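Working notes for the structure below.
The values are calculated or read from the model by the stated rules, or taken from the named source; none is laboratory data. Worth saying up front: this structure is predicted, and the values here are computed from it rather than measured. Using ideal geometry, Cβ is built from the backbone for each residue, glycine included, and neighbour counts are taken over all protein chains shown. Remember, those area values only see protein heavy atoms, side chains included, never the ligands or the DNA or RNA. Shrake-Rupley method; radii C 1.70, N 1.55, O 1.52, S 1.80 Å.
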Amino acid sequence: MEIIRNNFKSNLHKVYQAVEEADFFAIDGEFSGISDGPSVSALTNGFDTPEERYQKLKKHSMDFLLFQFGLCTFKYDYTDSKYIMKSFNFYVFPKPFNRSSPDVKFVCQSSSIDFLASQGFDFNKVFRNGIPYLNQEEERQLREQYDEKRSQANGAGVLAYVSPNTSKCPVTVPEDQKKFIDQVVEKIEDLLQSEENKTLDLEPCTGFQRKLIYQTLSWKYPKGIHIETLETEKKERYIVISKVDEEERKRREQQKQAKEQVIGCGKLIVGHNMLLDVMHTIHQFYCPLPMDLKEFKEMTTCKIKCHNSLRPGFQDIINNTSLAELEKRLKETPFNPPKVESAEGFPSYDTASEQLHEAGYDAYITGLCFISMANYLGSFLSPPKIHVSARSKLIEPFFNKLFLMRVMDIPYLNLEGPDLQPKRDHVLHVTFPKEWKSSDLYQLFSAFGNIQISWIDDTSAFVSLSQPEQVPIAVNTSRYAESYRIQTYADYVEKKQEEKQIKRKWTDDNWKEVEKKRLSTQSFFTTTGTVRKRNLSPSPEAGSEDSISGKISDSELEQMDSCAESFSEGRKKAKKLKRMKKDLTSAGSVAVSPAKLFEVPDTW
């Protein structure tokens, strides 16, 4: 079922019902791009750690837009031994609700857009009819603004967009606008008396007319209605009047909370290579992603409850994880394709037509793959089981394990505990000139048999040897080399940790230096006698001191700062000048660079 802005509200109850009754559901997303910097191969390096992969995706992928979200729910019919599925295809786009709404900026990747266009993706449907959305913080801020305006309109307060003297007394309407305002009031009277109609859309009008409407209605109807300005597709502004009472508002809020509980009900969510889908879903619709992987794990398992990827453990019988190839493989022995039918009123998919890269269809195929793989596990029971439920303990070992695409020795990211830490004593880190290609690396390691190359960037890569005992020999070959350098993976990790500690130490030391200079500046002000110590605290005592000592202008304060800095830096500059004079071969003026708070290192 296609869900766009125009039919979102009318079909929302179907979505809630489908999720509530489902045994499990599958998700998938289509994005405006994958990586805003490194190539996809570098973004998904074969020797990434889970933390590194998370940080890469967080840094290079979150500025893209998830603009199509696929949801497919599955419920097992024990009577007919088949699954009933309901598929939803959401087109989403962050169109601002009004002037107070966030105006989202996002980026596109030409290769991704070209690929989706070649698959028949309808971009007009996204940008013209996409469902607008807010994350939790944005929603909270807009609700606060709305509640404040509503309380002002219902009480003695004044709306921010209404003149200060208009809400307490009748509005003076110009003669040429009286007929227009009288017609608006008449329409609102009809709305309030009508039992069927809940809202009234006024015709687009000028900004001055909208102001008169707001002023008149805020005085004439302090309670019982909600006024909002919206915009047509032609950018024409119009006013929507809604009947609202306190009981109705509370009822809607309770209903919303109940529906949110349904979404967070802990049911199994299935995805295909779904780490990026999960990250985008949280970042775009819930809140910004946490700084580190540990917090991301806590948030994900707490808020979304369960994810699933059955890929770990099936490596021996499944060689290709692309969705199309996976679906074909699971129709062959030892797997059995499941019996799945569309619910009444929902469109059905034909796998023969391969509507890949439509999010709803991809979610459907993902669900089929999960059912086939789960039922395959049932064949190992005694007696064998044809159907394995999504709640079965057989698949619990696979819960909360997100497949890490292209990582050679860490098959999944574990959301519920520590991740795997392979030894990697057969892996080398190699740096080389930018002109080098894979063929140069193969030639360099030709004496060491089969190797695997995982590019990091244009000048470095990981190279894994088939025999770990050859690692010391390979490292020694670069001892006297000028164009390249080879080190073990352990040395590479150790140096990275040292660089992080140095960066952290620089940051800490720099702030200590800032604080030290601030204290020395304060000390200067105290001891000079001609200037009182500057107190940055807004305490009453500070205010009384200012009143006694008199006010100091901003320019005078800047001069004091300059003097203080010169005083505290004097000795350092003197020593620096002496060193510079030794290096000068001819007489002349000595140029001294202006003092800085702290020196910034070339490399962090």
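Placing unit charges on the Cβ atoms only, positive for Lys and Arg and negative for Asp and Glu, gives region 362-459 a dipole magnitude near 440 debye about its Cα centre.
Peptide packing for 134-143, 19-28 was compared via the average number of neighbouring C-beta atoms within 10 Å per residue; ordered from the highest value, the list is 19-28, 134-143. Using R0 = 22 Å, the C-beta based FRET efficiency linking E469 and D491 works out to 0.80.
The distance between label points at F106 and K235 comes to 2.1 nm (points 7 Å beyond Cα on the Cα→Cβ vector).
Among the listed pairs K149/K187; K75/K393; K9/K235; K86/K198, those whose Cα-Cα separation exceeds 29 Å are K86/K198.
Near the amide H of Y83, within less than 5 Å, lie the amide hydrogens of D77, K339, V340, E341, all on another chain or at least 5 residues away, with H placed in the peptide plane.
Is region 402-447 rounded, prolate or oblate when judged by the Cα gyration tensor, a ≥ b ≥ c being the square roots of its eigenvalues, rounded requiring a/c under 1.5 and prolate requiring a/b larger than b/c? Note, shape of region 402-447 comes out prolate.
Under the combined filter of DSSP loop state and at most 11 neighbouring Cβ atoms within 10 Å, region 194-225 retains these trypsin sites (Lys or Arg not before Pro): K223. Protein heavy-atom surface of region 1-75, 1.4 angstrom probe: 53% of the accessible area is carbon and sulfur, with nucleic acids and ligands not counted. Protein heavy-atom surface of region 332-446, 1.4 angstrom probe: 52% of the accessible area is carbon and sulfur, with nucleic acids and ligands not counted. Computed from label points 7 Å out along Cα-Cβ, the spacing between N476 and E416 is 4.8 nm.
Listed values for region 349-361 are Karplus-derived 3J(HN,Hα) couplings in whole Hz (6.51 cos²θ - 1.76 cosθ + 1.60, θ = phi - 60°), namely 10, 10, 5, 5, 7, 6, 8, 4, 6, 9, 4, x, 5, and x replaces Gly and Pro. For region 350-422, the square roots of the Cα gyration tensor eigenvalues, ordered a ≥ b ≥ c, give a/c of at least 1.5 with a/b no greater than b/c, which places it in the oblate category. Ligands, DNA and RNA left out, the accessible area of region 449-503 computed with a 1.4 Å probe is 48% carbon and sulfur. A Förster radius of 30 Å, combined with the Cβ-Cβ distance separating Q17 from K187, puts the computed FRET efficiency at roughly 0.25. Label-to-label distance for R391 and S194 is 4.6 nm, based on points extended 7 Å past Cα in the beta-carbon direction. Close amide H contacts of E2 (hydrogens built in the peptide plane, cut-off under 5 Å, sequence separation of 5 or more or a different chain): N89.
Fully extending the segment from Q177 to D457 would add 94.1 nm, taking 0.36 nm per residue of separation and subtracting the current Cα-Cα distance. Peptides 4-13, 51-60 ranked from most to least packed, by the mean per-residue count of other Cβ atoms within 10 Å: 51-60, 4-13. Close amide H partners of F346, meaning residues 5 or more places away or on another chain with modelled amide H under 5 Å apart, do not exist here.
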